[in-house]
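Participant: Starting off with a structure, shown below.
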Amino acid sequence: MHRTLVLSLGLVLSAHRLPGQEPAPPVTGRWDLTLIGSDGRHLPSWLEIYWSGDRVLVGRFVAIVGSARPISRLTFAHDTLRFALPPQWEGGDADLQVAGVFAGDTLAGSLTMPDGKQLAWSGHRAPALQRTGAPQWGPPQRLFNGTDLTGWHPLGGENQWKAVAGVLTNARGGANLVTDATYGDFKLHVEFRYPKDGNSGVYLRGRYEAQVEDSVVTVGSAEATGGLGAIYGFLMPNENAAKGAGEWQTYDITLVGRMVTVVLNGREVICRATIPGITGGALDSNEGAPGPIMLQGDHGPVEYRNLAITRAR
């Protein structure tokens, strides 16, 4: 009886397929992209492609900087993928245009920036990052010794970071600060303080930004994906738990694979949510590898203290 029921159900579902419905094109899914800059640098990017209904491809794209932006339509024909987007933080007024060829389950092509500059790019499928079994946690480790920058290095600008009375202090906009060590799954404790209109961030594995910003988040608004408590561009907090400028505040973040839980000032504002892809400004797009902790220092003054990490075994 059981096998007969399954067969009958299958026939019913087949009978209700939409006329002309086709299987998803092979380019659907999430892609970690690498752009090649004019100076030869490798720059991270990210792309997601999926069906809207039964015949239109839509998606999301993260460029070198900025948040994930929606793609209203992509075309895929003769193994070639194409789409265009309005500019976000890029210079120029024209659309950003992307074209790539699918071959051997990889993508490669060219990107034309809004100012007309062209970049080559390549892509591979983003890993699922699914852990088998619950993590076993080791002992917590201090990331900052309170006296100097041992275990850290500046990156991407003039270093403004100093250790002052047990506090990592960034006096003004300059370099980001990156741990020498890299991490897979972990629990992270960070205390931070910013001035009025301050803007920083904690990049998990150097790829996913937990926003640190003087912002008032209205839960449910579009701006919530960029406010304090958010994983920038992807996951918004379920409440505004910010204390405000000039106050010491606390992040306790657990990252296992793609699954993240964010506790801001003792309030769980993101609970076991999946991070789809990298944040603009990430160090790389190699999501399958461990990565460092990065403190964003390019926007202006900010302070951090009592940084500690607990690794999963």
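The values are calculated or read from the model by the stated rules, or taken from the named source; none is laboratory data. Just so you know, these numbers come straight off a predicted model, no measurement behind them. Here the Cβ is made from the backbone with ideal geometry for all residues, glycine too, and neighbour counts use every protein chain on show. Side chains included, ligands, DNA and RNA excluded: accessible areas come from the protein's heavy atoms. Shrake-Rupley method; radii C 1.70, N 1.55, O 1.52, S 1.80 Å.
Participant: Taking the chain as a Gaussian network, Cα atoms linked when under 10 Å apart, which of GLY297, GLY66, GLY227 shows the biggest mean-square fluctuation?
Facilitator: GLY66
Participant: Which residues does the label zone of ALA171 cover in segment 289-313, counting backbone N under 15 Å from a point 7 Å along Cα→Cβ?
Facilitator: Once the point is set 7 Å along Cα→Cβ of ALA171, 300-303 turn out to lie under 15 Å by backbone N, inside segment 289-313.
Participant: Once the dipole of segment 173-313 is set up with Lys and Arg at +1 and Asp and Glu at -1 on Cβ about the Cα centre, which of GLY288, VAL302, ASN265 lies farthest towards its positive end?
Facilitator: Comparing the listed Cα positions along the dipole, GLY288 ranks first.
Participant: While we're on this one: Could you run the Karplus curve 6.51 cos²θ - 1.76 cosθ + 1.60 with θ = phi - 60° over segment 289-298 and give me ³J(HN,Hα) per residue in whole Hz, x for Gly and Pro?
Facilitator: With coefficients 6.51, -1.76 and 1.60, one gets 9, x, x, x, 8, 10, 9, 6, x, 7 Hz.
Participant: Can you give me the orientation-averaged projected area of the convex hull built on the Cα atoms of segment 226-276, in nm²? Don't skip to the answer; put the middle values down first.
Facilitator: Numbers: hull surface 13.3 nm².
About 3.3 nm², averaged over all directions.
Participant: Now for a separate question. Listed highest first by mean packing, meaning other Cβ atoms within 10 Å per residue, what order do 175-181, 301-307 come in? It would help to have the intermediate numbers written out before the result.
Facilitator: Values: 175-181: 18.7, 301-307: 20.7.
Descending mean neighbour count gives 301-307, 175-181.
Participant: Convert each backbone phi in segment 193-207 into a coupling constant with the Karplus relation 6.51 cos²θ - 1.76 cosθ + 1.60 (shift: θ = phi - 60°), then list the ³J(HN,Hα) values in order as whole Hz, x for Gly and Pro.
Facilitator: Those phi angles translate into 8, 10, x, 4, 6, x, 8, 8, x, 10, 8, 7, 6, x, 10 Hz.
Participant: Please compute the contact order of the chain in relative form: average sequence separation of alpha-carbon pairs under 8 Å and at least six residues apart, divided by the residue count, as a percent.
Facilitator: Normalised by residue count, the contact order of the chain is 20 percent.
Participant: Additional query: Length gain on complete extension for the stretch THR274 to ALA134, per 0.36 nm per residue less the alpha carbon to alpha carbon distance?
Facilitator: Extra length available between THR274 and ALA134 comes to 48.8 nm.
Participant: Just name one of LEU43, GLY174, PRO139: the one whose Cα is farthest towards the positive end of the charge dipole of the chain (beta-carbon charges, Lys/Arg +1, Asp/Glu -1).
Facilitator: The listed residue farthest towards the positive side: PRO139.
Participant: A further question on this structure: Rounded to the nearest 500 deg cm²/dmol, what is the calculated helix-only ellipticity per residue at 222 nm for the chain, with -39500 (n - 2.57) per DSSP H run of length n ≥ 4?
Facilitator: The helix-only estimate for the chain comes to -1500 deg cm²/dmol at 222 nm.
Participant: Accessible area per residue, 1.4 Å probe, Å², for segment 234-313: what's the number?
Facilitator: Per-residue value: 38 Å².
Participant: Now for a separate question. Go through segment 229-244 residue by residue and turn each phi into a ³J(HN,Hα) via Karplus (6.51, -1.76, 1.60, θ = phi - 60°); whole Hz please, and just put x for glycine and proline.
Facilitator: Per residue, the Karplus-derived 3J(HN,Hα) values read x, 8, 8, 3, x, 10, 10, 9, x, 7, 7, 8, 9, 6, 8, x Hz.
Participant: Just check segment 92-150 against the gyration tensor rule for me: Cα atoms, a ≥ b ≥ c as the square roots of the eigenvalues, rounded for a/c under 1.5, and otherwise prolate or oblate depending on whether a/b exceeds b/c.
Facilitator: On the way: a/c = 4.23, a/b = 1.67, b/c = 2.53.
Oblate, since a/c reaches 1.5 and b/c is not below a/b.
Participant: Considering every pair of different Cα atoms, what Kirkwood radius, in Å, is found for segment 199-313?
Facilitator: Taking every pair of different Cα atoms in segment 199-313, averaging 1/r and inverting gives 14.3 Å.
Participant: At a 1.4 Å probe radius, carbon and sulfur cover how many percent of the accessible area of segment 59-177?
Facilitator: Its accessible area is 54 percent carbon and sulfur atoms.
Participant: Still on this structure, please answer the following. Taking amide H atoms as placed 1.01 Å from N in the peptide plane, list the residues 5 or more away in sequence, or in a different chain, whose amide H sits under 5 Å from that of VAL164.
Facilitator: THR169
Participant: Let me make sure I get this right: for segment 74-211, a, b and c are the square roots of the gyration tensor eigenvalues over alpha carbons, sorted descending. Under 1.5 in a/c it's rounded, otherwise prolate if a/b > b/c, else oblate. Which is it?
Facilitator: Note, shape of segment 74-211 comes out oblate.
Participant: Still on this structure, I have one more. Kindly provide the Kirkwood hydrodynamic radius of the chain in Å, to one decimal, from all pairs of distinct alpha carbon atoms.
Facilitator: Values: mean 1/r = 0.0473 Å⁻¹.
That comes to 21.2 Å for the chain.
Participant: Another one. Counting heavy atoms of the protein chains only and a 1.4 Å probe, report the per residue accessible area for segment 90-171 as a whole number of Å².
Facilitator: Dividing the accessible area of segment 90-171 by its residue count gives 57 Å².
Participant: Sorted by average packing, counted as other Cβ atoms within 10 angstrom per residue and highest first, what order do 205-213, 101-109 take?
Facilitator: 205-213, 101-109
Participant: Sticking with this one: In degrees from 0 to 90, rounded to the nearest 10, what is the angle of the helix 2-15 Cα long axis to the longest principal axis of the chain?
Facilitator: For 2-15 against the chain, the angle is about 80 degrees.
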